[in-house]
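The values are calculated or read from the model by the stated rules, or taken from the named source; none is laboratory data. Worth saying up front: this structure is predicted, and the values here are computed from it rather than measured. Glycine gets a Cβ as well: all are built from the backbone with ideal geometry, and neighbour counts include every protein chain shown.
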Amino acid sequence: MFNKLHDEIILFEESVKSIMNEMDPIKTIIIEKISSFIKQVIPNGDVEVYGSHATKLCLHWSDIDLVLKPVMRDNNDSSRGGQTSDQMYSGRRQGEHMLNANATGFSMPNTRNWLNILFHELIKSENRGWLQKVDFIENTTVPVIKLACSFHHLSQNSNGQLLLPNGNVPRYPQIASKPIYVDITLWSDSHNGLPCVNLVKSYLHESQLIEPMILVLKQILKVWGFNDAYTGGLSSYALFLMIVSFLQEKRKPALKTEVNMGETLLEFMRYYAQLDFS
């Protein structure tokens, strides 16, 4: 049983990578479209990608996570132009520097209403083609604009046929024609999305077991409707931390060739099902 499950997990991982090789250019088009739109609406804003799309731990249905950040400008040297906060400062003290920006000669744009401004621009009638749905969840710890984007509207030829960015017909037309979901949040001192990308990549470099496990488990959560933290489900990052903690606790090898992935997956499920939370 374990051997068959192991083979299916490896095959699933390979199929996900095959689909994402086709979907990545499509999602890049969507990211560029949204980034360009945001720059027109909020010239002092900068957009960066984080989450599973940045770490490549995404499936074709995974949301694209974007964070809207302020561009800080040097009041003492206008010739240098705008710089993003990551270019000006790095590390965990970035927020502290930004809070003291005015005292150090840098102007910090007022970002409080940025998501509200962006939301009202996105819902305008001229965007109804490439935007199928726009929601603004404001009363939450991290306010978010949730979009459902249509790549088909941006890429169809004169006959209405869906084409990839390279001009080819997609191998997975049923997937490519589906809406692409995007979450836009606002950068703050407590927004850890960007630093977490580097942390995830460092763990992926250390263990080959993480990627197949998280892809399979994310698909399971999706099937059961438990993959959205905003509706009470489990976030991708929380799932990632659970996997890393399990692998460390059980002292699993780093290479897939040294373990049975089927046995490891079931052991992971038993580990958290039997955990004493008291």
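If you check Glu22, Glu48, Glu32 for being surrounded by 15 or more Cβ atoms within 10 Å (Cβ to Cβ), of a type in the set (Asp, Glu) and either on the phi > 0 side of the Ramachandran plot or over 11 Å from the mean Cα position of the chain (by Cα) (or both), only one passes: Glu22. Figure legend. Inter-residue proximity from segment 54-72: first residues in contact (Cβ under 8 Å) with a residue 40 or more places away in the chain and under 17 Å from Asp135 (Cβ atoms), second residues polar (S, T, N, Q) and in a strand (DSSP E or B), beta-carbon distance below 9 Å, spacing 6+ or different chains. Indicated pairs: Asp65/Thr185; Leu66/Thr185; Leu68/Thr185.
Every test in (1) under 28 Å from Arg128 (Cβ atoms); (2) touching a Cys at 6+ places or on another chain (Cβ under 9 Å) is passed by Lys178 save one, and that test is (2). Just to be sure before I move on: is Leu154 in contact (Cβ under 8 Å) with a residue 60 or more places away in the chain, among the aliphatic types (A, V, I, L, M) and part of a helix (DSSP H, G or I) in the structure I sent? When the stated conditions are applied, Leu154 passes them.
Identify, please: which residue in segment 179-224 is charged (D, E, K, R) and more than 30 Å from His153 (Cβ to Cβ) and is, among those, surrounded by the most Cβ atoms within 10 Å (Cβ to Cβ)? Of everything passing the filter in segment 179-224, Glu211 is surrounded by the most Cβ atoms within 10 Å (Cβ to Cβ). State whether the residues of segment 121-134 include one that is modelled with pLDDT under 95, assigned to a loop (DSSP other than H, G, I, E, B) and among the aliphatic types (A, V, I, L, M). Taking every residue of segment 121-134 in turn, none turns out to be modelled with pLDDT under 95, assigned to a loop (DSSP other than H, G, I, E, B) and among the aliphatic types (A, V, I, L, M). Taken as a whole, the structure leaves Gln219 outside the set of residues that are outside any helix (DSSP H, G or I) and not acidic (Asp, Glu). Hey, can you tell me all the residues within segment 116-156 that are surrounded by 16 or more Cβ atoms within 10 Å (Cβ to Cβ) and of a type in the set (Ser, Thr, Tyr)? The answer is Ser150, Ser155. Suppose the filter is closer than 24 Å to Ser15 by Cα and either of a type in the set (Asp, Glu) or surrounded by fewer than 17 Cβ atoms within 10 Å (Cβ to Cβ) (or both); does Gln248 pass it? In short, no.
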